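Values in this text are rule-based calculations from the coordinates and carry no lab data. From a predicted model like this one, the values you see are computed outputs, not experimental measurements. Backbone-built Cβ (ideal geometry, glycine too); neighbour counts: all protein chains shown.
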Amino acid sequence: MYTYVPHSDHQVQHMLHTIGVNSVDELFSHIDGVFLSSYEDDIKGMSEEEVRKYFHHIAIKNKSGLSFLGFGIYSHIIPSAVSAIASLPGFVTSYTPYQAEMSQGYLQAIFEFQSYITTLTGLDAANASLYDGHSAAVEAINLMCKVGKKKKKVLISSTLHPFTIEVIQTWADVHEIELIMTNECKGCVDVSSIIALLDNDVAGLLVQSPNRYGFVEDYSEVADKIHSFGALFAISSDPLSLALQKNAHEWGADIAIGDTQPLGLPLAFGGGVCGYMSVVSSLMRKIPGRVVGQTVDSRGNRAFCLTLQAREQHITRFRSTSNICSNHAHYALTSTIYLALLGDVGFKEVATQSYDKAHYLHSELQKIDDVVVNSTTPFFCEFPIAFQTKEKLEKAMNHFLNSDVFMGVPLFPYTHQLNDTATVLVAVTEKHTKEEIDLFVSLLKEVLV
Amino acid sequence: MNLLLSELSTDGKRGYQLPPSRVPSFGGLPLSLRKTEEVILPSIGELEVVRHFTHLAHQTYNVDKGIYPLGSCTMKYNPKINEEIARNPLFTDIHPLQDASTVQGSLSVLYSLTKRLCSIVGMDDGTLQSAGGAQGEYIGLHIIKSYHMSRGNNKRNTVLIPTNAHGTNPASAAFCNMDVREIPVNKEGLVDVATLSELLDDTCAAIMLTNPNTLGLYEDSIKAIASVVHSSGALLYYDGANLNAIMNIVKPGEMGFDVLHVNVHKTFSTPHGGGGPGAGPVLVKEFLSPFLPSPHIIKEEDGYRFSRDTPMSIGKTLGFWGNFLVLLRAYSYITHLGDDGLRYAAKMAVLNANYMKARLKEYIPLSHKGHYLHEIVLSLKQLKEETGINTFDVAKALIDKGFHPPTIYFPLIVPEAMMIEPTETESLEDIDSFVDALIEIVRVAKEHDASFAPPLFNTICGRVDEVNAARKPILHW
């Protein structure tokens, strides 16, 4: 039987003889209740060619189309070289680089990833990736609570992605941490509500910009107030937006988190994501996950290795800063290749084109009477459109779907706020052409007639 | 020594050109929000970027290059057909929030994979919303904690973990705000029922076990263990790290486990990718099903859809539905091999490890007596005492001969441990070459005096100074 096992029958006999047993099954004879033969209800295997066809038939039950969906997962142009390089065996079939001498290449690539993240966020130290932006929020809050020791409260913005709030809630349910939601005003965090909630029992604050509506938030004076109570300040951001908006360093924050999916990673049904985290230097030895450091080898040359491992589960076990072991290294590498190809000029251009194209759609929609788009709150590449009723929104979404266009993400499944029930969130990126944006407008006009 | 991207940079170069915008400029964000500090990233041409990373890839050891016998890591071959399937645009270009009618293919993959995994491990239901083994452990423990709390047992908050367990086990318990009590293993390297019984009380939520355990030994008393644990009111958690030894041969569900995670990047052949992404599906017995993360995928007459009607759920654990492209590869592997192929793979993994044991045992002592399954643990304590050469030195000597060393200094209970897991996909020829190299290193070590430390002649760099790296961290360019 061929199942990626390369032994000939003759070799198996030789091995059994060396071991001193008569059959492979004998190696399991000490175990109760083993099933070593085939069974009638076994699901049969397939040849490689049959597998290919089987998955082709599954794949064609999916439908891709012109999409204005975002809500944390964005469709950007991915240069051809990105996946070509990321597919090299050294990057795909290697393990965590614990043996530095055998993994200098990957170690350097992750060091470069950390360098990009520290550059974009403006903070001092980044880790080698986390699972996704939502679970990175949990790690940020865990970090705040570890630093705050006896402090039992964490402020979170109501404008965080609703999934982020849910993932944080799951974790907080088993910890004695009180999550306190700050208020919002015109779709952004209300800074006066943050200040009103601060006291010496607050370990930190987590906010997000662009937020759940795509709006860019203003954090003037937040850092000073937070720090005056000895608490930490964390900001979650789409890293692409950091080409245009102020970063964690400029707002005086201590922790920056988010997801690098917009940087060269495919939509992948939401399964091609990569959390990032960077921190100020005082938190460097408390950051969760793996970290690569630069050092020298015995020949005096620059070399790289995993470092600060005293924080990690395989060394400190129960007292580690997090339980994370597998991370999203390969996606971190993919984003690194993407950024290397774009350079700062290309990076800013992707962000600017996304901004301009989203604003072009926004400006065209302002001319339509039957929908409302907020005209005062600044946004990046995603914004909400409010319909008069939920029924009208659903009718529009179906009309778009009939033309193979995914209109946007309706907020009603994810929010309890009354004014969101007829709201849809639309995302536009540099990948959309002007004609595609114009098609959106004309489809909307058709259905509103 | 390689240049860094920052050192390759020359102003004015670029590696990619966007299409022109063709919409008007909208002037950018208001000044109060706009970036004030310039973003400076390296500027490099496309071919230079390609060469840079190709060079780095070549300086990274990998399974396609050679044997990678890391114990507990199951570094088996990553089949190419899985990669081909995971590149299909009808899988990669699908947004997670598309209308359910347009993602029936992806939903069917997740639904069917959950069913297949349940069947392989003897469980009833599961979640794929787990990005790795450690996250799976945390989810499983959270489910156990919620189960006890739903029955008013708020006191049950302690997890029993053997001293030879993976570091993630206690770390995950801490991440779930639970306490840990260690179970000493007996001199056979196994959990002793009598010792365990003494540790069980009404504060115990669960016991976490790996079976075969981290020494590669099967816990023969598992059914008796399950019986005493259940009658004390606690549950059994199975760490699936070593599932490759027993796939479709003996099912954890039938051993008495209530909840478990599998590491698809170990057992089900998905690539490790230099540390991730993996996936750590969590499978449970029916009575724990209501606590699984939300949403749940359900199958109805008109197709698959997500259900958020999960009032007892622990909640969401990732933003979306799990590492889809990783899970897709695992489903491809399971589909390809079939139940009997999986069983055969497990048998051959055990054959390979036992063959290594037979060849090595007269040169390096095994840590324990017992029946090893898919991996073996050696102790180089005696070699160190006789020659001064320790496990670390032997590992570096293997590197010098072009082999990736096994896992070293784990499990922590074995002095000078070397843990070898060849997996079923290594050929007899490759196993023999590795074993020959290891025997030769031990022979040379014994011929030298205590001052001998095998140098690195053949690697791209010398011994890396890890102490200095941690003392004065340089974490970016």
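Which longest uninterrupted range of chain B lacks any GluC sites (Glu not before Pro) assigned by DSSP to a loop state (not H, G, I, E or B) and surrounded by at most 15 other Cβ atoms within 10 Å?
Counting at most 15 other Cβ atoms within 10 Å as exposed, the longest clean stretch of chain B is B:39-187.
Which one, A:429, A:118, A:415, has the greatest fluctuation when you compute a Gaussian network model over chain A with C-alpha springs under 10 angstrom?
Comparing A:429, A:118, A:415 in a Gaussian network model of chain A, the most mobile one is A:415.
At q = 0.23 Å⁻¹, what log₁₀ I(q)/I(0) does the range A:95-155 have when each alpha carbon counts as one equal point scatterer in the Debye sum?
-1.01
If packing is taken as the average count of other Cβ atoms within 10 Å, what order do B:106-117, B:204-215 fall into, highest mean first?
Top to bottom by mean Cβ count within 10 Å: B:204-215, B:106-117.
Starting from the Cα coordinates of the protein assembly as shown, work out the convex hull volume and express it per residue in Å³.
Here the figure is 156 Å³ per residue.
What's the Cα-based Rg to Rh of the range A:53-160, Rh via Kirkwood?
In the range A:53-160, Rg relative to Rh is 1.05.
As an exercise, find the ratio Rg/Rh for the range A:219-378 from alpha-carbon atoms, using the Kirkwood inverse-distance average for Rh.
Answer for the range A:219-378: 1.05.
Only sites in a loop by DSSP and with at most 11 other Cβ atoms within 10 Å count here; which trypsin sites (Lys or Arg not before Pro) in the range B:146-209 make the cut?
B:151, B:187
Across peptide B:46-53, how many C-beta atoms of other chains are within 10 Å of each residue C-beta, on average?
Whole-number average of other-chain Cβ neighbours for B:46-53 is 6.
Can you give the Rg and Dmax of the range B:81-337 based on its C-alpha atoms, in angstrom?
Taking only Cα atoms of the range B:81-337, I get Rg and Dmax of 18.1, 58 Å.
How fast does the range B:374-434 diffuse by Stokes-Einstein, in µm²/s, taking the Kirkwood radius from C-alpha pairs at 20 °C and 1.002 mPa s?
Stokes-Einstein gives a translational diffusion coefficient of 175 µm²/s.
Place +1 on the Cβ of every Lys and Arg and -1 on the Cβ of every Asp and Glu in the range A:39-108, take the dipole about the Cα centre, and give the residue among A:87, A:107, A:76 whose Cα lies farthest towards its positive end.
Checked the options; the winner is A:76.
Stokes-Einstein at 4 °C, 1.567 mPa s, Kirkwood radius from Cα pairs: D for the range B:156-277 in µm² s⁻¹?
This corresponds to a translational diffusion coefficient of 88 µm²/s.
Where q = 0.17, 0.18, 0.22 Å⁻¹, what log10 of I(q)/I(0) comes from the Debye formula for the range B:346-467, counting one point per Cα?
The Debye formula, applied to the Cα set alone, gives -0.87, -0.97, -1.38.
Taking 31 Å as the cut-off for C-alpha to C-alpha distance, list the pairs among B:266/B:369; A:286/B:266; A:152/B:472; B:76/B:285; B:347/B:369; A:434/B:299 that go past it.
A:152/B:472; A:434/B:299
Can you put B:73, A:381 in order, fewest other beta carbons within 10 Å first?
Result, fewest neighbours first: B:73, A:381.
Tell me which trypsin sites (Lys or Arg not before Pro) from the range B:350-453 have a DSSP coil assignment and no more than 10 other beta carbons within 10 Å of their own.
Sparse-neighbourhood loop trypsin sites (Lys or Arg not before Pro): B:369.
Residue by residue through B:261-267, how many Cβ atoms from other chains fall within 10 Å of the Cβ on average?
The mean count of partner-chain Cβ atoms within 10 Å per residue comes to 1.
Using the reciprocal of the averaged 1/r over all distinct C-alpha pairs, how large is the Kirkwood radius of the range B:235-327 in Å?
After inverting the mean inverse Cα-Cα distance, the result is 14.9 Å.
Could you compute how fast chain B diffuses translationally, taking Rh as the Kirkwood radius over C-alpha pairs and applying Stokes-Einstein at 10 °C with viscosity 1.306 mPa s? Give it in µm² per second.
Rounded to a whole number, D works out at 64 µm²/s.
Over all directions, how big on average is the projection of the convex hull of the alpha-carbon atoms in the range A:80-337, in square nanometres?
The directionally averaged projection comes out at 14.2 nm².
Given the options A:386, A:59, A:256, state which has the largest fluctuation in a GNM of chain A using a 10 Å cut-off (strictly under) for Cα springs.
A:59
With every atom except the alpha carbons ignored, what do you get for Rg and Dmax of the range B:50-103, in angstroms?
Reported Rg and Dmax, both Å: 16.9, 45.
Using a Förster distance of 51 Å, how high is the FRET efficiency between residue A:186 and residue B:466, based on the Cβ-Cβ distance and rounded to 0.05?
So the FRET efficiency works out to roughly 0.50.
Dividing the alpha-carbon Rg of the range A:324-449 by 2.2 N^0.38 Å yields what?
Normalised Cα radius of gyration, the range A:324-449: 1.24.
Alpha carbon centre of the range A:151-186 versus the range A:372-395: separation in Å?
Going from one Cα centre to the other spans 25 Å.
Calculate, in whole percent, how much of the Cα-Cα pair population of chain A lies beyond 38 Å.
Above the 38 Å cut-off, chain A has 35 percent of its Cα pairs.
Relative contact order for the range B:346-467 using alpha-carbon pairs under 8 Å, separation at least 6, rounded to a whole percent?
Computed value for the range B:346-467: 31 percent relative contact order.
Exposure proxy check: B:41, B:438 ranked by fewest other beta carbons within 10 Å?
Ascending number of Cβ neighbours within 10 Å: B:41, B:438.
Please compute the average number of Cβ atoms from other chains found within 10 Å of each residue's Cβ in peptide B:358-371.
1
With r defined as the distance between the Cβ atoms of residue B:6 and residue A:310 and R0 fixed at 30 Å, what FRET efficiency is calculated, to the nearest 0.05?
Calculated transfer efficiency: 0.60.
Which is the longest part of chain A that has none of the trypsin sites (Lys or Arg not before Pro) sitting in a DSSP loop with at most 12 other Cβ atoms within 10 Å?
A:187-298
List the relative contact order of chain A as a percent without decimals, with contacts defined as Cα pairs under 8 Å and 6+ residues apart.
Contact order relative to length: 19 percent.
Quick one: longest stretch of chain A between exposed loop chymotrypsin sites (Phe, Trp or Tyr not before Pro), exposed meaning at most 13 other C-beta atoms within 10 Å and loop per DSSP?
Longest gap between qualifying sites, sites excluded: A:40-449.
Compute the relative contact order of chain B as a whole-number percentage, counting only Cα pairs closer than 8 Å that sit 6 or more residues apart in sequence.
RCO, chain B: 19 percent.
Please give me, ordered by residue number, the trypsin sites (Lys or Arg not before Pro) of the range B:51-93 that lie in loop per DSSP and have at most 16 other Cβ atoms within 10 Å.
Taking the range B:51-93 and a limit of 16 other Cβ atoms within 10 Å, the loop trypsin sites (Lys or Arg not before Pro) found are B:65, B:87.
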